[in-house]
Amino acid sequence: MNVRRINDIDYILLPGTKRKTTDIVIERDGVVTVRPPEGFTPEQVDAVVHSKRMWIYKNLAEWRDLNAAAVVREWVKGESFLYLGRSYRLSLVADQSADLKLNQGRFCLKRSLIDEGGETTAKAAFERFYKTKGEKRIKDRIAYYAPKAGVSPGGLKVKDMGYRWASCTKSNLLQFHWKCMMAPPKIIDYMVVHELCHLHHRDHTDLFWNEVDKVMPDYRERKQWLKKYGAGLDL
């Protein structure tokens, strides 16, 4: 990982791509990532970051304000957990074949997972639930939106993406964080369209956003929701 510092801004320098502009992103965890055009020297990237420092300061301040209200959940009966934008109370049950079920408006978690493995084991059960559900829903939404975007993705994977919501690999594989399944369906659709449009343009230039707009004219509203409430999509 190539971490650099210019003035008081720390950022991760990503490999260059065949683009004409430098892409600066504030990631989900507040890390600043910078992807320059191919051939840019680190010193040239530093200069770009310096020129964009006021934009970076502004967006980092917004990120801190939004994440100050991030939800911290406890693994006890009655705690709320999100699925497709709705909140469900947690029940700890003894007689259940599956580790976790969504049943009659409640998340039913096998009590032995908490008793024997604690929070780590319980969290793993939720992750498996979101991954399984995510693979089906996101696959269906890709099938729906891909023809509208005029692209053919190379496959799908739902996994822990760290600080990213989703990504598009060089082989056109679309990857999504399992936490996406906590968001409302219309926000999941926005993430899907966002990544599909990266098959046209790998950066976030006007050309990219024009492609998104063609498929989803109200994407700005959905994008703003994710920016404002994304910190609450966590375990």
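The values are calculated or read from the model by the stated rules, or taken from the named source; none is laboratory data. In this text, all values refer to a predicted model and were calculated from it rather than measured experimentally. Backbone-built Cβ (ideal geometry, glycine too); neighbour counts: all protein chains shown. We work out accessible area using only protein heavy atoms, side chains counted, and drop any ligands, DNA or RNA first. Shrake-Rupley method; radii C 1.70, N 1.55, O 1.52, S 1.80 Å.
Failed condition for VAL76, given (1) loosely packed, with under 12 Cβ neighbours inside 10 Å; (2) in contact (Cβ under 8 Å) with a residue 60 or more places away in the chain, with all others met?
Looking at each condition in turn, VAL76 falls short on (2).
Confirm whether THR120 is of a type outside the set (Asp, Glu) and within 19 Å of the chain's Cα centre (by Cα). Even if it seems obvious, please write down each step before you answer.
Values: of a type outside the set (Asp, Glu): yes; within 19 Å of the chain's Cα centre (by Cα): no.
So THR120 fails the test.
Of everything in region 181-200, what is over 27 Å from LEU90 (Cα atoms) and either in contact with a Leu (Cβ under 6 Å, 6 or more places away or on another chain) or surrounded by fewer than 20 Cβ atoms within 10 Å (Cβ to Cβ) (or both)? Give them in sequence order.
GLU195, LEU199, HIS200
Has region 201-210 got at least one residue that is surrounded by fewer than 21 Cβ atoms within 10 Å (Cβ to Cβ), of a type outside the set (Phe, Trp, Tyr) and modelled with pLDDT of 95 or more?
Step one: list which residues in region 201-210 are surrounded by fewer than 21 Cβ atoms within 10 Å (Cβ to Cβ), which gives 201-210.
Now restrict to residues that are of a type outside the set (Phe, Trp, Tyr): 201-207, 210.
Within this subset, residues satisfying the condition of being modelled with pLDDT of 95 or more are 210.
Checked against the condition, which is being surrounded by fewer than 21 Cβ atoms within 10 Å (Cβ to Cβ), of a type outside the set (Phe, Trp, Tyr) and modelled with pLDDT of 95 or more, region 201-210 yields at least one hit.
Find the residue count for region 105-119, including only residues that are modelled with pLDDT under 90 and either among the aromatic types (Phe, Trp, Tyr) or open to solvent by 50 Å² or more (accessible area, probe 1.4 Å) (or both).
So the answer is 3.
Among (1) under 28 Å from GLU62 (Cα atoms); (2) in contact (Cβ under 8 Å) with a residue 24 or more places away in the chain, there is one condition ALA146 misses while meeting the rest; what is its number?
That leaves (1) as the condition not met.
Looking only at region 162-174, which residues are surrounded by fewer than 18 Cβ atoms within 10 Å (Cβ to Cβ) and either of a type outside the set (Lys, Arg) or touching a Leu at 6+ places or on another chain (Cβ under 7 Å) (or both)? Walk me through it before giving the result.
Taking region 162-174 and keeping what is surrounded by fewer than 18 Cβ atoms within 10 Å (Cβ to Cβ), we get 162-164, 167, 169-173.
Across region 162-174, the qualifying residues are GLY162, TYR163, SER167, THR169, SER171, ASN172, LEU173.
Quick one: would you say LEU13 is touching a residue at least 24 places away in the same chain (Cβ under 8 Å), closer than 22 Å to ILE188 by Cα, in contact with a helix residue (DSSP H, G or I) (Cβ under 9 Å, 6 or more places away or on another chain) and not small (Gly, Ala, Ser)?
Working: touching a residue at least 24 places away in the same chain (Cβ under 8 Å): yes; closer than 22 Å to ILE188 by Cα: no; in contact with a helix residue (DSSP H, G or I) (Cβ under 9 Å, 6 or more places away or on another chain): yes; not small (Gly, Ala, Ser): yes.
So LEU13 does not fit the description; no.
Looking only at region 1-51, which residues are surrounded by 13 or more Cβ atoms within 10 Å (Cβ to Cβ), assigned to a strand (DSSP E or B) and among the basic types (Lys, Arg)?
Once the filter is applied, which keeps residues that are surrounded by 13 or more Cβ atoms within 10 Å (Cβ to Cβ), assigned to a strand (DSSP E or B) and among the basic types (Lys, Arg), region 1-51 yields ARG4, ARG35.
Only helices (runs of 4 or more DSSP H) wholly contained in region 129-235 count here; list those with 3 or more residues that are under 18 Å from TYR83 (Cα atoms). Don't jump to the end; show me each part of the working.
Working: elements: 185-197, 206-215, 219-229.
Because the criterion is at least 3 residues that are under 18 Å from TYR83 (Cα atoms), the helices (runs of 4 or more DSSP H) in region 129-235 that meet it are 185-197, 219-229.
Can you report the number of residues in region 82-103 which are of a type in the set (A, V, I, L, M) and either assigned to a strand (DSSP E or B) or open to solvent by less than 30 Å² (accessible area, probe 1.4 Å) (or both)? Working first, answer last.
Restricting attention to region 82-103, the residues satisfying the condition of being of a type in the set (A, V, I, L, M) are 82, 84, 90, 92-94, 98, 100, 102.
Add one more test, that the residue is either assigned to a strand (DSSP E or B) or open to solvent by less than 30 Å² (accessible area, probe 1.4 Å) (or both), and what stays is 82, 90, 92-93, 100, 102.
Qualifying residue count for the region: 6.
Quick check on my filter: what residues within region 1-49 are closer than 27 Å to GLY230 by Cα and of a type in the set (Phe, Trp, Tyr)?
TYR11 - this is the single residue of region 1-49 that is closer than 27 Å to GLY230 by Cα and of a type in the set (Phe, Trp, Tyr).
On the basis of being open to solvent by 40 Å² or more (accessible area, probe 1.4 Å), of a type in the set (A, V, I, L, M, F, W, C) and under 14 Å from the mean Cα position of the chain (by Cα), does TRP178 make the cut? Please lay out each step first, then the result.
Working: open to solvent by 40 Å² or more (accessible area, probe 1.4 Å): no; of a type in the set (A, V, I, L, M, F, W, C): yes; under 14 Å from the mean Cα position of the chain (by Cα): yes.
No, not satisfied.
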